[in-house]
Amino acid sequence: MKVEKIYISGRECFLYQQTKAEYLLVQPVDEHDSSLIDKEVDILCQQTTKPFNLVTFRINDWNKELTPWTAPPVFGREPFGEGATETLGYVTNELLPFLNSRGMNARRMLLGGYSLAGLFALWTGYQTDIFEGVVAASPSVWYPGWIDKATDNRPLTQCVYLSLGDKEEKTKNPVMAQIGNTIRKQHKLLLAQAVNTILEWNPGNHFVDFEKRMAKGFAWLMNQ
């Protein structure tokens, strides 16, 4: 697989390209995530035979660029912003047109992310139908107001992959401790709305097996 580092409208991106790709996978990442994408791609190639292109784009301010509305901090002192709309605009108005100009567009597009990036992917699935499916791996559905928003709306995307570590809800932080309850509710909402979805539980806490969990999610979507 061909790999290329490039800056698209000022953001660091990595392009992973196969010939005659059937899927285009889009994934926001931070610096730590970027170091594991090679492993994620290797695992994904073992789990599906369908050709794909994958593009990652760097998130510079994790707490502000991935969240749809402001919220007070739940750990540390940094509050959450409302940059998700601007980030989605970057994807649709800058990233995807550039990839199209490079011949990396594909008939079927998927969006995936981990943690707050998983929340962003899930939120995007409610905003637009350009992505056939989304991967929300260990998504921050504990985010204040999220479940209320999801309860009142139906996704525009066709498929939603959800996953969580089986130790993630075992935390002393009272907001983040709700993650088990909120992701179960999210899954039930999607099932009730006849969205093609699955909730998979992985061993461990929030900080292990990022690359394995993301690969499992993308593979599930592509193998539907």
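Each residue of the stretch 50-59 was assigned a 3J(HN,Hα) from its phi angle through the Karplus curve 6.51 cos²θ - 1.76 cosθ + 1.60 (θ = phi - 60°); the sequence is 7, x, 8, 10, 10, 10, 9, 9, 6, 9 Hz, with glycine and proline shown as x.
Close amide H pairs (under 5 Å, H built 1.01 Å from N) link Leu156 with Tyr126, Gln127, Thr128, residues at least 5 positions away or on another chain. Other residues whose C-beta falls under 13 angstrom from the C-beta of Thr19 contribute a net charge of +2, scoring Lys and Arg +1 and Asp and Glu -1. With the simple spin-label model, which puts each label point 7 Å out from Cα in the Cβ direction, the Asn223 to Glu78 separation comes to 3.5 nm. Which entries in Lys2/Lys50; Lys185/Lys212; Lys20/Lys50 show an alpha-carbon gap greater than 20 Å? Violating the 20 Å limit, Cα to Cα: Lys185/Lys212. Applying the criteria of a DSSP loop state and at most 13 other Cβ atoms within 10 Å to the chymotrypsin sites (Phe, Trp or Tyr not before Pro) of the stretch 74-136 yields Phe75.
Charges were assigned to the Cβ only: +1 to each Lys and Arg, -1 to each Asp and Glu. The resulting dipole of the stretch 1-130 about its Cα centre is roughly 460 debye.
How many Å² of accessible area per residue for the chain, probe 1.4 Å?
Details: 10080 Å² over 224 residues.
On a per-residue basis, the chain sits at 45 Å².
3J(HN,Hα) along the stretch 147-160, derived from phi through the Karplus expression 6.51 cos²θ - 1.76 cosθ + 1.60 where θ = phi - 60°, amounts to 4, 4, 5, 5, 5, 8, 9, 10, x, 8, 6, 8, 9, 9 Hz, with x in place of Gly and Pro.
Around the amide H of Ile59, modelled in the peptide plane, lie the amide H atoms of Val29, Asp30, all under 5 Å away and 5 or more residues distant in sequence or on another chain.
Each residue of the stretch 29-39 was assigned a 3J(HN,Hα) from its phi angle through the Karplus expression (A = 6.51, B = -1.76, C = 1.60, θ = phi - 60°), giving 9, 9, 4, 5, 4, 4, 5, 10, 5, 4, 5 Hz with x at Gly and Pro. Note on the stretch 161-200: with charges restricted to the Cβ of Lys and Arg (+1) and Asp and Glu (-1), its dipole about the Cα centre is near 160 debye.
Put simply, when 157-168, 135-146, 61-72 are sorted by average Cβ atoms within 10 angstrom per residue, most first, you get 135-146, 157-168, 61-72.
The values are calculated or read from the model by the stated rules, or taken from the named source; none is laboratory data. Since this is a predicted model, take the numbers as computed values, not measurements. Note that we place each Cβ from the backbone using ideal geometry, even for glycine, and neighbour counts take in every protein chain shown. We work out accessible area using only protein heavy atoms, side chains counted, and drop any ligands, DNA or RNA first. Shrake-Rupley method; radii C 1.70, N 1.55, O 1.52, S 1.80 Å.
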